[in-house]
Every structure is written in structure tokens, then in C-alpha cells.
Amino acid sequence: AGALHVVATPIGNLGDLTVRAREVLASVDAICAEDTRHTRQLLGALGIERPLLALHEHNEADIAWKLVERLKAGESLALVSDAGTPLVSDPGYRLVREVRAAGLRVVPVPGACAAIAALSVAGVPSDRFCFEGFLPAKSGARRERLAELAREPRTLVFYESSHRIEESLADLVAVFGPEREAVLARELTKLFETVLGDTLADLVERVAADENQRKGEFVLVVRGCEDDQEARLIEGQRIYAKLAEHLK
Ligand code: SAM
């Protein structure tokens, strides 16, 4: 039987595609892609032509078994997403699960990942961290999620889009307080890459002051809650808010 290769692609700079990723993409029978147009462009830039299959959140469960059949028949397949590592805030886990459940091989072809790239330059403790992906889009749900994370001692890593970066930073200040250490990594590996900030308050100020700092793609790295006193204060506020809700 063939294997499914889970292949990381660049997060901006084409030079970050690994030699092995290129070899695998050029040699598989077909490539499952989140957005076939996007991937066709990447392959075009690499001079690779392979059949593409669309695999996104909405059809993944339906086509996974068909892909398993193809692997059983001896084909070898690759899975890519639009950028970075598949399955990291991207589709693919259902397919990988089905392939493994069928007793077939899933082979990682590692490479770029925005969360790891950000963590590697943030200068925030990184021996333990929580990847939180995207926060909820609505402020109420977002603040609730943040309240659950406010006492987390490990470094937190979030993905954010240009539409919501300001709102999310404002909610972070509201829930974590302005003094929490935080670094905003923007447009990593691209022309306008910036890594800035030291506290949440500082980030809010810098993003408000420069509209360029609101453009592009972002990873936000936030230091965990280390101080017992801070943890107690946050817990007190949380209990107070719950009580106030009940007394309404
Ligand atoms: N699978 C990807 C990975 O391995 O990083 C993540 C895909 S997720 C749908 C897209 C989000 O990743 C963006 O909204 C942004 O938060 C982050 N991201 C992707 N590329 C980035 C870059 N070059 N610089 C900063 N953040 C990036």
C-alpha cells in the first residue's frame, strides 16, 4: 500500500520549502490541497505538475475513505494546506485519522509553522507553551476563552487575522491586564516581517499608532501567568463576575 505524506509548505518565503518536501510533491500520485488554486500556484513556481484534489473541512469526512481506498490500491498521496503545516489550524486531522485507522502509513514531511517560527523569535519562555490557534470571533466568547486562560502559567500562542487584531488585543488587556508580557510577530518570512512588543499595553499602542501594523498575518505570543498574586487577583475577579451574574 502507499503512504500519505503530510507536507509542510512555506508561510511566505518560498525558500522555506524543504528539499524533501519538493521531492515528495513531485513524486506522489496526487496532492490533496485545502485550496487547489493556491497550491497550483505553488507547484507552478516549483515547476511541478501533479493531479490535485480539494480537501477542506466540509468534504474531508466524505472523501477520506476514498483516499484510503486509493492508498490501499498502492497510490502514494500528499496532503498540503495553504501555508505552513497541515492540521495546525488547518484541515487534515480526519483524513490522517482514517488513514491510520486503516493501518496505513502517514509520513510527516516537516517544515514551516507560523506558531513555532514566532515562538523561536519572541524571547518569551518557550520550554512549555500552549498553542491556542484562533480566538473566537465574537468579543463575548473571546473574553470568556481568555478568562479560562488567564491563570495559565505556560506561554500562550494565538493566531490572529488583520480584521480582529485590534479587538483581540483590547480584550487581552481587559482580561490579562496591561502589564502582561506579549510579542506580536507579523508577516513572518515575508517582506514586511516585524516582531514587536514587550507588554500588551505597549502592543495596543504600537498597533494603534501605525496602520501597517494592522495589516497581514499575525502570531501573538503571550507570557503565562507566573505570579501567585496575579493569579489570585484574576481568580478573584472571575468569581466576582460569576457572583455578580447570579445576583442580577
Ligand atoms: N498551518 C499554518 C501554520 O502551520 O502556521 C497556519 C494556518 S492558519 C489558517 C493561518 C494563520 O496562521 C494566520 O491567520 C496567522 O495567524 C498565521 N500565519 C500564517 N502565516 C503567517 C506569517 N507569515 N506570519 C505570521 N503569521 C502567520
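Observations, loosely collected:
- Label positions at Ser89 and Ile48, each projected 7 Å from the Cα along the C-beta direction, are separated by 2.4 nm.
- Per-pair calculated FRET efficiency, R0 = 41 Å: Arg151 and Asp82 via Cβ, rounded to 0.05: 0.75
- Among Leu77, Leu220, Leu191: highest mean-square fluctuation, GNM of the chain, C-alpha pairs under 10 Å: Leu191
- The relative contact order of segment 19-86 comes to 45 percent, based on Cα pairs under 8 Å that sit 6 or more residues apart.
- All-pairs alpha carbon distance profile, segment 108-208, 10 Å steps from 0, percent: 14, 50, 31, 5, 0
- Once the convex hull of all Cα atoms in segment 35-158 is built, its volume per residue stands at 159 Å³.
- Helices meeting the span-like rule in the chain (full DSSP H runs, Cα extent of at least 27 Å along the helix axis, mean Kyte-Doolittle score of -1.0 or higher): 228-247.
- Take the convex hull of the alpha carbons in segment 180-248; its mean projected area over all directions comes to 6.5 nm².
- When Rg and Dmax are taken over the Cα atoms of the chain, they come to 20.8, 66 Å.
- Spatial separation of Cα centroids for segment 2-59 and segment 139-201, in angstrom: 31
- With 5 Å bins beginning at zero, the pair-distance distribution over Cα atoms of segment 126-170 amounts to 5, 21, 31, 26, 12, 4, 0 %.
Every number here is computed from the coordinates shown, using simple stated rules; none is lab data. Bear in mind that the values here come from a model prediction, so they are computed numbers and not experimental data. All Cβ positions, glycine included, derive from the backbone under ideal geometry; neighbour counts span all protein chains shown.
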